[in-house]
Amino acid sequence: MPELSQLIALFYDQPEKLGQFEEVSAEQTPPPFHQLLAHNEHMTVTVEKFHGCNVDVKVLKTRNDGNFYSRKILLTRQSDGKVVQYGIVRLNCDYLDDEPANEIKSERIPLGRVLIEHNVLREVQLTSLWHVQPAEELRELMQLQPNETVYGRTALIYCNGEPAVELLEIVTRD
């Protein structure tokens, strides 16, 4: 299961540098965050449907630890470049064929789209929902107002039956 603290620790020496996180239930997650997060689907597909356009990935930072490839990313709308999602992804490359793994590492295409286009047998499992009070960096990256709060989720993607991808995904409301 993805642990929030472990995902954050991939890119931050203190969790507070990303924000303050409080676990919430689906019922405590207000619209439109509930629609965007409380499901077992790929976020790429979900945010594209919600925003009515495709999204691009912008990789902010990566790291390689043995067979694990991790990255800190933004998804932006192709229509106007607006940031719609911040994410931290940790991929166990042992569970993916070389072609999709290399395409993910190319940093040009959102992870969900790569898995779909390569017909990787996958199952997305929502693990937790989070109310997030963003720290300064996250506010700036997501173009948020000083007191604006957002919501996110941790999830796990099984590829071909194996727990291949751990995710932290935080979305904007518009």
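The values are calculated or read from the model by the stated rules, or taken from the named source; none is laboratory data. This one's a predicted model, so the numbers in the text were calculated from it and none came from an experiment. Don't worry about glycine lacking a Cβ; one is built from the backbone with ideal geometry, like all the others, and counts go over all protein chains shown. With ligands, DNA and RNA removed, areas are computed over all heavy atoms of the protein, side chains included. Shrake-Rupley method; radii C 1.70, N 1.55, O 1.52, S 1.80 Å.
Here is a yes/no grid of residues against (1) of a type in the set (Ser, Thr, Tyr); (2) in contact with an Asp or Glu (Cβ under 6 Å, 6 or more places away or on another chain):
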residue	(1), (2)
TYR95	yes, yes
ASP98	no, no
GLY112	no, no
GLU136	no, no
LEU141	no, no
TYR151	yes, no
PRO163	no, no
In this structure, does VAL83 turn out to be within 13 Å of the chain's Cα centre (by Cα), touching a residue at least 40 places away in the same chain (Cβ under 8 Å) and buried (at least 22 other Cβ atoms within 10 Å of the Cβ)?
no
Enumerate the strands (runs of 3 or more DSSP E) found wholly within the stretch 1-77, keeping only those where 3 or more residues are touching a residue at least 60 places away in the same chain (Cβ under 8 Å), in contact with a strand residue (DSSP E or B) (Cβ under 7 Å, 6 or more places away or on another chain) and open to solvent by 30 Å² or more (accessible area, probe 1.4 Å).
19-24
